[in-house]
Amino acid sequence: MKVSIYIVSLIETLKHTQLGNSATLKQNLSLILGMGGILNITIFTASRIILHGMKTRRELQMKRTLITTILLLSMLSSAIWAQGPPLLVIELDEEKVNLSEDERSGDTATMYFPGDTIRYTLTASNEGGSLMTQPEVLDPIPAGVTYISGSATGENSNIIFSIDSGVSFHNWPVSYTVRNTNGQEIVHQASADMITHVKWQIQGNLAVGETRLLQFLVEVN
């Protein structure tokens, strides 16, 4: 965060000037950055440290400038802290695609049989207090179903897949290697039934309250 960089730079500058107890100043500046609310006490303490021993008008002017800088940074830090961190909340909905007429009308309960198609919809929302940068959403393929090739979609998202229980991810089609009886490595292309996880890499930022719809289809085994 830029505020942290500015604070650290300011501390390093102060350490090379005659400002008294720089360790105490660093401690107070950390309070400014981390807690943002106890501004009056912190600024007052930092000001006394900075002004301690300063006699000439030029020195006093320089120190007052530094105090103003600290105050502005602390106010900015306080505002950022008050916003709160981003929070990604995922809602998952399941829908049978090939409903029978009785299931669609509600006359009978929805039943699942081999060959049925299910659509999973994930709604990813930033319910925190600040901007979220390039979030990722990971979803395992449930047991008893097979991912349908090419069915994963997501607005402004790069979609990658795993065939090793989420250890590694690759663009589709996913390739893997096996050794034959002669010890040679042979490259194979993974089939859809080998997919264990789907990951959406949402491009750009997710603003507070903004959502993304992510979907994929599976077939009941």
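Read-outs: derived from the displayed coordinates by stated rules, not from any lab. Predicted model only: the values in this text are computed from it and were never measured. When we count neighbours, we look across all protein chains shown, and the Cβ atoms used for this are built from the backbone with ideal geometry, even at glycine.
Where a ≥ b ≥ c are the square roots of the eigenvalues of the C-alpha gyration tensor, would you call region 88-220 rounded, which needs a/c under 1.5, or, failing that, prolate if a/b is larger than b/c, or oblate?
It is oblate, given that a/c is not under 1.5 and a/b is not larger than b/c.
Where does each of 138-147, 152-161 land if you order them by average Cβ count within 10 Å, highest first?
152-161, 138-147
For the ranges 201-207, 163-169, what's the packing order if you count other beta-carbon atoms within 10 Å of each residue, average per peptide, and put the highest first?
201-207, 163-169
Highest mean first, how do 104-115, 122-133 rank when packing is the count of other Cβ atoms within 10 Å averaged over residues?
Per-residue mean Cβ counts within 10 Å order the peptides as 122-133, 104-115.
Within 10 Å of each residue's Cβ, count the other Cβ atoms and sort Ile195, Ile186, Ile90 from fewest upward.
Ile186, Ile90, Ile195
Within a Cβ distance under 13 Å of Asp93, other residues only, what is the Lys/Arg minus Asp/Glu net charge?
-2
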